[in-house]
Protein chains: 2
Amino acid sequence: MNCIPTGISAMKGGDGPYSYTNNSSFQRQGVETAKVLINEDIAEKLDINELISSAKLFNIADLGCSVGPNTIIVVENIIESVKLKYQSFCHNNQGALEFQVFFNDIPSNDFNVLFKSFPSDRQYYAAGVPGLFQGRLFPKASLHFVHCSYALHWLSKIPKELTNKTSPAWNKGRIYPANASDDVWEAYSAQFAKDIESFLNARAQELVSGGLMALIISCLPDGSSVKFFDLGFNDLLEKCLNQMVVEGVVSEDMVDSFNLPQYHPSKQEVCTLIQRNLCFSIERMEPLVRPARKGIAPTVEMVISTLRAVYQEIIAGHFGDDIIDELFDRLKKKVVVSDILSQSTDKSWMLELYVLLKRKVD
Amino acid sequence: MNCIPTGISAMKGGDGPYSYTNNSSFQRQGVETAKVLINEDIAEKLDINELISSAKLFNIADLGCSVGPNTIIVVENIIESVKLKYQSFCHNNQGALEFQVFFNDIPSNDFNVLFKSFPSDRQYYAAGVPGLFQGRLFPKASLHFVHCSYALHWLSKIPKELTNKTSPAWNKGRIYPANASDDVWEAYSAQFAKDIESFLNARAQELVSGGLMALIISCLPDGSSVKFFDLGFNDLLEKCLNQMVVEGVVSEDMVDSFNLPQYHPSKQEVCTLIQRNLCFSIERMEPLVRPARKGIAPTVEMVISTLRAVYQEIIAGHFGDDIIDELFDRLKKKVVVSDILSQSTDKSWMLELYVLLKRKVD
């Protein structure tokens, strides 16, 4: 079974003002948008008669589920869709289908909060599964549907060479791969490729033949180059950290040895990596098209809370808790004077790629 | 699915000085003693060939697992025993058996600490399952072995009549059933009977035919009467609370409305309740015989820490956190001046009943 390397952290737990529970509306809009696609795919591509054995059990896993309402919304939607399909294709006398749902994330995820958020009237058996999804988490051929959204861009570990001063891939003063040297970019890219390979190999073992896997992957926008893509917020965060080095608040070594375990691939990169694994057929691969924005654009406070929910644990794990408030105060000021929010209203910072895979018959 | 009523709490989480993790050596000695019995029962009574389908998967659940090393020790022992049986009865070319282990407790259990305590080199797939074990937790016929130790004496809820001032079963000034009126005792006894009935009905659905269930139940010592049995420590705890009422530290109403959700049945009571459920055969039912005490008797500090690990959350849930330190300080003084510790060296305060059940074929 798998160990969690240092430098890897879960989203912010609890239910406080900076928790992921209260700051995941961006991801929520994404999974809401993907609902329609998942429902279509279950209706059209799930061979329910072949999948369901005499046990009348349908097993679902949400990998990288984090905490908060999103994971519950996702699995309830999958269950409703599968029930509809089952009812339309199976005779009534076959008995009701039971559902077991496995909620997975790394062990530092706040499973206590997740478990307390389960609806008491839920129509499924629920279990939490701690572990890295790049490794095996479930017995052979035990899952019928896997869902994984906004999680595959998180690497299982920081490539060693990024923090090795003697390596050409030493990522001095930088915290992510955009605009970095070829060596840095290649180290990130290679780790991502390894992670996707391990992820697909594990799922190929765990999914039954004909089982489906729905992924939402944060990718580069079409037409942007991997090397020169800039998420904007990461760049501002990096600037804040380097400013804190100049002012003596944090040491240069600490920033030099810090790298975000995050890589955004291109759509083509994802496609190539999936095709390399011969166990899955790509049933659908297309960008999520969110409905046009309505109402008010996100405020600076909302953006900062979302970034804290995502990054706080990783940053605190490396630099300690003490710098958090100051760092995010600095980031807030940088966001205010930048044009980053007005830009994000007009252009997409990333492509949200929806992928549906089917486990081929061996 | 099930809701958790008020008045029900898990053991003390975390890994601090009063945590169950660091204060469960009494239970640990019990599960260590039961190892031999479980190993014998798996060797003699597990029909492995009939149990294992082509999936080559063996599913285990530890119900009321709490936190700390005990649950890990228990499941690792079961797995080793089943592997031995499988190797001796099955041909090598049948492939290795996979194990999936479900760790269950109520949602307020500290699953975060439990998950971080999983050995990284474990040879099984692990999942946490939050919920009351008196209700359904797993799909039909999905488990091969269930273990539940030192948990069944915890009731799923406090019978309402105990806190109703107009009921003859109002348990005024008392916190548990010993030496109470017939009505109080009957309310506790009836709730225990309901809970065992629900527990067995749920497990009858979840275990495969031929599946085994090993229970360790804290019972009354042979020959003691249910009504007049006194756990000793509960009596001292009750005295402390009533003393705090007299001194105005807690209100009389608060003590009147507090009852420990705990009932220790007689061996005969357990036997009758199990026989009433027609889905199980009793394969073994005998007291655990712990090896003779060696070394030093437990100190007052050890006893108080153990009691805190078990009772703190329940008491704090009713009275608030503020009384905890004072209450256990008072209890410590009462234990020191009582002869309770010297008694416990000589006589058993409870009978630890080991029960092995087999799910009959429908």
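So that you can scan it fast, the table gives a plain yes or no per residue for (1) closer than 25 Å to A:C65 by Cα; (2) open to solvent by less than 40 Å² (accessible area, probe 1.4 Å); (3) part of a helix (DSSP H, G or I); (4) at pLDDT 85 or above:
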position	(1), (2), (3), (4)
A:A297	no, no, no, no
A:S305	yes, yes, yes, yes
A:I315	yes, yes, yes, yes
A:E326	no, no, yes, yes
A:K332	no, no, yes, yes
A:L357	yes, yes, no, yes
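Being within 14 Å of chain A (Cβ to nearest Cβ) and crowded, with 24+ Cβ neighbours inside 10 Å is the filter here, so list the residues in region B:139-155 that pass it.
B:L143, B:H144
Going by the conditions given, is A:D182 within 14 Å of chain B (Cβ to nearest Cβ) and at pLDDT below 95?
Here the answer is no, as A:D182 does not meet what is asked.
Quick check: anything in region B:223-239 in a helix (DSSP H, G or I), open to solvent by less than 10 Å² (accessible area, probe 1.4 Å), at pLDDT below 95 and more than 17 Å from B:L63 (Cα to Cα)?
Taking every residue of region B:223-239 in turn, at least one turns out to be in a helix (DSSP H, G or I), open to solvent by less than 10 Å² (accessible area, probe 1.4 Å), at pLDDT below 95 and more than 17 Å from B:L63 (Cα to Cα).
When region B:130-165 is examined, which residues are found to be out of contact with any Gly (no Cβ under 8 Å at 6 or more places or on another chain) and under 12 Å from B:C65 (Cα atoms)?
Listed by number, the residues that qualify are B:G131, B:L132, B:H147.
Scan region A:88-102 for residues that are more than 9 Å from chain B (Cβ to nearest Cβ) and either part of a strand (DSSP E or B) or open to solvent by less than 10 Å² (accessible area, probe 1.4 Å) (or both) and report the count.
The first filter runs over region A:88-102 and keeps only residues more than 9 Å from chain B (Cβ to nearest Cβ), leaving A:88-97, A:101.
If we keep only those that are either part of a strand (DSSP E or B) or open to solvent by less than 10 Å² (accessible area, probe 1.4 Å) (or both) as well, we get A:101.
Final tally of qualifying residues: 1.
Hey, among B:K45, B:K83, which residue is touching a strand residue (DSSP E or B) at 6+ places or on another chain (Cβ under 8 Å) and on the phi < 0 side of the Ramachandran plot?
It is B:K45.
Go through (1) at positive phi; (2) at pLDDT below 90 and name the single condition A:G248 misses.
Every condition holds for A:G248 apart from (2).
Do we have B:Q243 as open to solvent by 60 Å² or more (accessible area, probe 1.4 Å), assigned to a helix (DSSP H, G or I) and within 28 Å of B:K358 (Cβ to Cβ) here?
Taking the combined requirement at face value, the residue does not satisfy it.
Among the residues of region B:32-71 satisfying the criterion of being of a type outside the set (S, T, N, Q), within 13 Å of B:M213 (Cβ to Cβ) and part of a strand (DSSP E or B), which is farthest from the chain's Cα centre (by Cα)?
Residue satisfying both the conditions and the ranking: B:I60.
May I ask you to list pairs of residues, at least six apart or on different chains, whose Cβ atoms are under 6 Å apart, with the first in region A:247-269 being in contact (Cβ under 8 Å) with a residue 12 or more places away in the chain and the second being of a type in the set (G, A, S) and in a loop (DSSP other than H, G, I, E, B)?
Hits for this filter: A:P261/A:G7.
What is the number of the single condition among (1) open to solvent by 10 Å² or more (accessible area, probe 1.4 Å); (2) farther than 25 Å from A:S53 by Cβ that B:P159 does not meet?
(1)
Identify, by number, the condition in (1) charged (D, E, K, R); (2) surrounded by 16 or more Cβ atoms within 10 Å (Cβ to Cβ); (3) within 14 Å of another protein chain (Cβ to nearest Cβ) that A:R174 doesn't meet.
For A:R174, the failing item is (3).
Is it true that some residue in region B:24-37 is among the aromatic types (F, W, Y) and closer than 23 Å to B:S117 by Cα? Write out each step before concluding.
The initial filter retains those residues of region B:24-37 that are among the aromatic types (F, W, Y), namely B:26.
With the extra rule that they be closer than 23 Å to B:S117 by Cα, the set shrinks to B:26.
Yes, region B:24-37 contains a residue that is among the aromatic types (F, W, Y) and closer than 23 Å to B:S117 by Cα.
Among the numbered conditions (1) under 19 Å from the mean Cα position of the chain (by Cα); (2) within 14 Å of chain B (Cβ to nearest Cβ), tell me where A:I78 comes up short.
The one condition A:I78 does not meet is (2).
Which condition number in (1) touching a residue at least 12 places away in the same chain (Cβ under 8 Å); (2) open to solvent by 30 Å² or more (accessible area, probe 1.4 Å); (3) in a loop (DSSP other than H, G, I, E, B) is the one that B:T166 fails?
(1)
Regarding region B:72-86, can at least one residue be identified that is under 27 Å from A:S117 (Cβ atoms), open to solvent by less than 20 Å² (accessible area, probe 1.4 Å) and either in a loop (DSSP other than H, G, I, E, B) or not β-branched (V, I, T) (or both)?
No, there is no match, as no residue in region B:72-86 is under 27 Å from A:S117 (Cβ atoms), open to solvent by less than 20 Å² (accessible area, probe 1.4 Å) and either in a loop (DSSP other than H, G, I, E, B) or not β-branched (V, I, T) (or both).
Looking only at region A:256-280, count every residue that is buried (at least 21 other Cβ atoms within 10 Å of the Cβ), among the hydrophobic types (A, V, I, L, M, F, W, C) and within 21 Å of A:A169 (Cβ to Cβ) and tell me the total.
Total meeting the criteria: 2.
Could you tell me whether B:L220 is under 29 Å from B:F58 (Cβ atoms) and either surrounded by fewer than 18 Cβ atoms within 10 Å (Cβ to Cβ) or within 21 Å of the chain's Cα centre (by Cα) (or both)?
So B:L220 fails the test.
Given the structure, is A:S167 out of contact with any helix residue (DSSP H, G or I) (no Cβ under 9 Å at 6 or more places or on another chain) and among the small types (G, A, S)? Spell out how you get there, then give the answer.
Working: out of contact with any helix residue (DSSP H, G or I) (no Cβ under 9 Å at 6 or more places or on another chain): no; among the small types (G, A, S): yes.
Criteria not met by A:S167.
Given the conditions (1) of a type in the set (A, V, I, L, M); (2) over 21 Å from B:E206 (Cβ atoms); (3) within 14 Å of chain A (Cβ to nearest Cβ), which single one is not true for B:L84?
Among (1) of a type in the set (A, V, I, L, M); (2) over 21 Å from B:E206 (Cβ atoms); (3) within 14 Å of chain A (Cβ to nearest Cβ), B:L84 violates only (3).
What is the one condition in (1) within 13 Å of chain B (Cβ to nearest Cβ); (2) farther than 28 Å from A:E283 by Cα; (3) buried (at least 18 other Cβ atoms within 10 Å of the Cβ) that A:G14 does not satisfy?
Only one criterion in (1) within 13 Å of chain B (Cβ to nearest Cβ); (2) farther than 28 Å from A:E283 by Cα; (3) buried (at least 18 other Cβ atoms within 10 Å of the Cβ) is unmet by A:G14, namely (3).
Just one of B:I60, B:I48, B:I42 is at pLDDT 85 or above and either within 14 Å of chain A (Cβ to nearest Cβ) or open to solvent by 20 Å² or more (accessible area, probe 1.4 Å) (or both); which is it?
After ruling out the rest, the residue left standing is B:I60.
So in region B:105-138, with the set limited to residues that are within 9 Å of another protein chain (Cβ to nearest Cβ) and part of a strand (DSSP E or B), which one is most open to solvent (accessible area, probe 1.4 Å)?
B:Y125
Could you list, in sequence order, all residues of region A:265-279 that are in a loop (DSSP other than H, G, I, E, B), under 11 Å from A:L353 (Cα atoms) and touching a helix residue (DSSP H, G or I) at 6+ places or on another chain (Cβ under 9 Å)?
A:P265
Residues checked against (1) touching a residue at least 24 places away in the same chain (Cβ under 8 Å); (2) closer than 24 Å to A:P139 by Cβ; (3) not basic (K, R):
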{"position": "A:K56", "(1), (2), (3)": "yes, yes, no"}
{"position": "A:N59", "(1), (2), (3)": "yes, yes, yes"}
{"position": "A:L63", "(1), (2), (3)": "yes, yes, yes"}
{"position": "A:P69", "(1), (2), (3)": "yes, no, yes"}
{"position": "A:I73", "(1), (2), (3)": "yes, no, yes"}
{"position": "A:S81", "(1), (2), (3)": "yes, no, yes"}
{"position": "A:L84", "(1), (2), (3)": "yes, no, yes"}
{"position": "A:F89", "(1), (2), (3)": "yes, no, yes"}
{"position": "A:F103", "(1), (2), (3)": "yes, yes, yes"}
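The values are calculated or read from the model by the stated rules, or taken from the named source; none is laboratory data. The structure displayed is predicted, hence computed values, not measured ones. In this analysis, Cβ positions are derived from the backbone assuming ideal geometry, glycine residues included, and neighbour counts consider all displayed protein chains. When the accessible area is computed, the model is the full protein with side chains, heavy atoms only, and any ligands, DNA or RNA have been set aside. Shrake-Rupley method; radii C 1.70, N 1.55, O 1.52, S 1.80 Å.
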